[in-house]
């Protein structure tokens, strides 16, 4: 068995009296897609935020390709190859689509203390940015991000994550708020991407989860109550009782 | 606030900058035609404050940082030039070390350097905070600078500091009304072009992105602090240049120029003109200063009207005069 | 510095601190609860002083002037809040700065139109015009001592209200998390109107008490506003306790700075203190927001 790409050990996060992450252990192996499911308030988004560096855990450790990153700042983790898409769409509204993605390219090309040359006509930035937009299927790249539909903005987020050349994609409900048609398209897209990227996927759409995931971890009240192949999870009576039964 | 910044076309902005500079360049001609030299004096003031407002807008409009300490930085620039001239005048030494000078080719860069360094130091403290904290801290720093110069009795204290000797630029007399005006205009043109390039560079993209979504920027791997700090120092240096030009032009600088109300005025100029474009604050400075003159000649209670006008702009003209221009342009086109 | 001078300066510092606290109390709660930056707080200070001076001019009674001018300032604050500021809670900070900046110009000009540009006299009340012997040869003006006393009483009262009453609990809840507080059924809008009016009353009180010491004139509120802002950020936005401690600290440091240090440095002391504290704790000494 290969060493895990991401490893979480005994992670704890509390908000006042509320326990969001409760001595959690889990891992993501290279090339694998791990889906994280669980009822609302199970602590999925807080976990993603701790992995990405938006939140600092109270105890425990996070390792990314063997390096401890528990207290590393978010931008440092991003440069190591951890890319997150947000549950609530998070883009730069006043920039164009291509500028949004070009910023992600720019970030991995080193510092941005370049004051004179026009960034929008710099093919080292716009080239990879357009490629990423093409992969996610977004056309008309010079539209402002504030003008595109919700579904397209989710695609834009994904393009920004891809432009970071990540080693692990942290996708927080990439299909949230999407119509049926957009959702199907996103599932197909993720299915293609999963050949090239390791992913951790938080999603409520069970069809998408069972279609995409290699393994599924079920989170309830900050604890992983089960981890296994999709068919195992579907059959697990404990999971059915705690989660799937409610649907 | 911006109408549609993504449709930002650098070429049309360069065009706008060219037109603005050309119009300003024609003012002395108009002044001599109508025989009113006072016009050049007003225009000089407009150009100088336009430089300061453009500097502020770099951090305000593009960096989203509501700084209320720019009048202080502006004043520092003015005092650098005035203090150098003061020591040149009585042949004494600054800090018992440096001789003074009336040469602007030394005074202006030094003014930028000192103001930029002050902005960097104070920015380091204020930029670690955000929101209301940032606004209040910059306001407090502005007052610190103000009281500092009020207390500097050696350099005139509250009464300000007169520049007694004639300033020169590369050895030539620099303060003839016409030559000084055109000198300031060249400075404004340079500042506009530099800032225009800057906001479309990689650096500028990071700065603009940091004001729109700081969390996102961090998540893609860019920590905004050092970019903001650099922008703040740069903005301070340009504000210092403007202050130095003001002091040189009127041969005088006083703490009154750096009161926090002046800082507020600079913010109003940016918002009034329009913060979405580099050249917006130039329009704002022109309208603000001309209005100030017109209204104050009209009534002693002109500040009442001025205050109401500011409120009106906030309530109804969110994109500033630029939006008004767009509106007029669209109506003209549809006709 | 001998004991007498030291005592006098210490009392001066505490007295300034108490006055700053009266200003900062309203300011910090307004910032804390509505996340609103309000620069007109200094104008309320000015309005309180002018109303009191006018009443004193008519009646000759400082006490009567005080008793009427404080609620009058509260009313002015409530009107200001209802007519203008309320519409800017949900706007960005830049808009709030601009609108309250515009309002300062308007209010200053209105006061100038009513009372003129020259300072209006507001003398020290007769009863308090002498001085008190504290110990040995140390004397201190009664009026300043009275300010100190009133300020201390108000501060204690305010602390008691905020810390121990139901309304105070709502105020604290609103200051620490507005959304959760309103979800729990606290009428945040009403609380805010009350807090704003109360803050205005305290600002007015501070202005009235400063009147006989400084001058009652247009623009008198702005320097105090800036000091109160410094107090607010040092104490931590939304924290009454922080405002109180920071106000005393600023009052004492400013007073001694001006006495002991060369003027250029002395005038900068409190701002440098602010810079140091914020470099160490960017959200102030007692941050309220989680």
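The values are calculated or read from the model by the stated rules, or taken from the named source; none is laboratory data. Keep in mind it's a predicted model, so treat the numbers as computed, not measured. Positions of Cβ are backbone-derived with ideal geometry, glycine not excepted, and every protein chain shown enters the neighbour counts.
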Margin query: Quick check on region A:26-46. Is at least one of its residues within 14 Å of another protein chain (Cβ to nearest Cβ) and crowded, with 22+ Cβ neighbours inside 10 Å?
Written below: no
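Take residue A:117 and decide whether it is within 9 Å of chain B (Cβ to nearest Cβ) and more than 19 Å from residue B:210 (Cα to Cα).
Working: within 9 Å of chain B (Cβ to nearest Cβ): yes; more than 19 Å from residue B:210 (Cα to Cα): yes.
Taking the combined requirement at face value, the residue satisfies it.
Tell me, which residue of region C:129-145 that is within 27 Å of residue C:51 (Cα to Cα) and free of Cβ contacts under 8 Å to residues at least 40 places away in the same chain is surrounded by the most Cβ atoms within 10 Å (Cβ to Cβ)? If you could, list the steps in order and put the result at the bottom.
Residues of region C:129-145 within 27 Å of residue C:51 (Cα to Cα): C:129-131, C:141-145.
Imposing the further condition that a residue be free of Cβ contacts under 8 Å to residues at least 40 places away in the same chain reduces the set to C:129-131, C:141-142.
Numbers: C:129: 12, C:130: 11, C:131: 13, C:141: 20, C:142: 16.
Top of the filtered list is C:141.
Given the condition surrounded by fewer than 23 Cβ atoms within 10 Å (Cβ to Cβ) and either part of a helix (DSSP H, G or I) or away from chain A (no Cβ under 13 Å) (or both), answer yes or no: does some residue in region B:236-243 qualify? Walk me through how you get there before you give the answer.
We begin by selecting, within region B:236-243, every residue surrounded by fewer than 23 Cβ atoms within 10 Å (Cβ to Cβ); these are none.
The answer is no, given that none of the residues of region B:236-243 is surrounded by fewer than 23 Cβ atoms within 10 Å (Cβ to Cβ) and either part of a helix (DSSP H, G or I) or away from chain A (no Cβ under 13 Å) (or both).
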Notebook entry, point to check: From the residues in region C:1-30 that are more than 10 Å from the chain's Cα centre (by Cα), assigned to a helix (DSSP H, G or I) and over 14 Å from residue C:144 (Cα atoms), which one is modelled with the highest pLDDT?
Noted result: C:6
Checklist line | Count of residues meeting criterion [modelled with pLDDT of 90 or more and either under 13 Å from the mean Cα position of the chain (by Cα) or not in a helix (DSSP H, G or I) (or both)] in region A:174-190 | finding: 1
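Every residue, every condition in (1) surrounded by fewer than 14 Cβ atoms within 10 Å (Cβ to Cβ); (2) out of contact with any helix residue (DSSP H, G or I) (no Cβ under 6 Å at 6 or more places or on another chain); (3) within 14 Å of chain A (Cβ to nearest Cβ), yes or no:
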{"position": "B:33", "(1), (2), (3)": "yes, yes, no"}
{"position": "B:42", "(1), (2), (3)": "no, yes, no"}
{"position": "B:48", "(1), (2), (3)": "no, no, no"}
{"position": "B:97", "(1), (2), (3)": "yes, yes, no"}
{"position": "B:104", "(1), (2), (3)": "no, yes, no"}
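Restricting to region A:63-74, and then to whatever is without any contact (Cβ under 8 Å) to a residue 24 or more places away in the chain and buried (at least 16 other Cβ atoms within 10 Å of the Cβ), can you tell me which residue is farthest from the other protein chains (Cβ to nearest Cβ)? It would help to see each step written out before you state the result.
Filtering region A:63-74 for residues without any contact (Cβ under 8 Å) to a residue 24 or more places away in the chain gives A:67-74.
Applying the additional criterion that residues be buried (at least 16 other Cβ atoms within 10 Å of the Cβ) yields A:69-70, A:72, A:74.
Working: A:69: 13, A:70: 17, A:72: 12, A:74: 5 Å.
Out of the qualifying residues, it is A:70.
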Check: When residues of region A:94-113 are filtered for being surrounded by fewer than 18 Cβ atoms within 10 Å (Cβ to Cβ), within 9 Å of chain B (Cβ to nearest Cβ) and outside any helix (DSSP H, G or I), how many remain?
Finding: 3
Notebook entry, point to check: Looking at B:190, B:127, B:207, B:139, which is the one that is more than 8 Å from every other protein chain (Cβ to nearest Cβ), under 30 Å from residue C:257 (Cα atoms) and under 21 Å from the mean Cα position of the chain (by Cα)?
Noted result: B:127
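Just wondering, is there one or more residues in region A:43-66 that are assigned to a strand (DSSP E or B) and at positive phi? Explain how you work it out, then say what you get.
Taking region A:43-66 and keeping what is assigned to a strand (DSSP E or B), we get A:59-64.
Checking which are at positive phi leaves us with A:60.
Yes.
Can you tell which of A:125, A:158, A:162 is within 14 Å of another protein chain (Cβ to nearest Cβ), in a helix (DSSP H, G or I) and either without any contact (Cβ under 8 Å) to a residue 60 or more places away in the chain or more than 26 Å from residue A:109 (Cα to Cα) (or both)?
Of the residues listed, the single one that is within 14 Å of another protein chain (Cβ to nearest Cβ), in a helix (DSSP H, G or I) and either without any contact (Cβ under 8 Å) to a residue 60 or more places away in the chain or more than 26 Å from residue A:109 (Cα to Cα) (or both) is A:125.
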Next item on the list: Of the numbered conditions (1) surrounded by 16 or more Cβ atoms within 10 Å (Cβ to Cβ); (2) under 24 Å from residue A:104 (Cβ atoms); (3) at pLDDT 85 or above, residue A:218 fails exactly one; give the number of that condition.
Entry: (2)
Check: Could you count how many residues in region C:223-265 are surrounded by 20 or more Cβ atoms within 10 Å (Cβ to Cβ) and at the interface with chain B (Cβ under 8 Å from one of its Cβ atoms)?
Finding: 6
Check: Does region B:156-181 hold any residues that are more than 10 Å from chain C (Cβ to nearest Cβ) and assigned to a helix (DSSP H, G or I), and which are they?
Finding: B:158, B:159, B:177, B:178, B:179, B:180, B:181
Margin query: Which numbered condition in (1) within 16 Å of residue C:25 (Cβ to Cβ); (2) crowded, with 16+ Cβ neighbours inside 10 Å; (3) touching a residue at least 40 places away in the same chain (Cβ under 8 Å) is the only one that residue C:168 fails?
Written below: (3)
Item checked: Members of region B:211-229 found to be more than 7 Å from every other protein chain (Cβ to nearest Cβ), touching a residue at least 24 places away in the same chain (Cβ under 8 Å) and closer than 11 Å to residue B:127 by Cα, listed by number -> B:225, B:228, B:229
Next item on the list: State whether the residues of region B:182-192 include one that is in a helix (DSSP H, G or I), touching a helix residue (DSSP H, G or I) at 6+ places or on another chain (Cβ under 9 Å) and closer than 30 Å to residue B:214 by Cα.
Entry: yes
Check: Of all the residues that make up region C:266-285, how many are within 17 Å of residue C:20 (Cα to Cα), within 10 Å of chain B (Cβ to nearest Cβ) and part of a helix (DSSP H, G or I)?
Finding: 4
Next item on the list: Please state which of the following conditions residue A:49 fails to meet, knowing it meets all the rest: (1) free of Cβ contacts under 8 Å to residues at least 40 places away in the same chain; (2) surrounded by fewer than 18 Cβ atoms within 10 Å (Cβ to Cβ).
Entry: (2)
Item checked: Residue among C:161, C:120, C:124, C:138 that is farther than 18 Å from residue C:206 by Cβ, more than 14 Å from chain B (Cβ to nearest Cβ) and modelled with pLDDT under 90 -> C:138
Check: Only one of (1) more than 22 Å from residue C:226 (Cα to Cα); (2) modelled with pLDDT under 95; (3) within 14 Å of another protein chain (Cβ to nearest Cβ) is not met by residue B:57, so which one is it?
Finding: (2)
Check: Got at least one residue in region A:193-203 being assigned to a helix (DSSP H, G or I) and under 27 Å from residue A:66 (Cα atoms)?
Finding: yes
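I'd like to know if region A:78-86 contains one or more residues that are farther than 27 Å from residue A:4 by Cβ and either facing another protein chain (nearest Cβ under 7 Å) or touching a strand residue (DSSP E or B) at 6+ places or on another chain (Cβ under 8 Å) (or both). Spell out how you get there, then give the answer.
At the first step, the residues of region A:78-86 found to be farther than 27 Å from residue A:4 by Cβ are none.
Scanning region A:78-86 turns up no residue that is farther than 27 Å from residue A:4 by Cβ and either facing another protein chain (nearest Cβ under 7 Å) or touching a strand residue (DSSP E or B) at 6+ places or on another chain (Cβ under 8 Å) (or both).
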Notebook entry, point to check: Which one of these does residue A:201 not meet: (1) on the phi > 0 side of the Ramachandran plot; (2) surrounded by 17 or more Cβ atoms within 10 Å (Cβ to Cβ)?
Noted result: (1)
Next item on the list: Please specify each residue of region B:250-259 satisfying the condition of being buried (at least 23 other Cβ atoms within 10 Å of the Cβ) and closer than 19 Å to residue B:285 by Cβ.
Entry: B:253, B:258
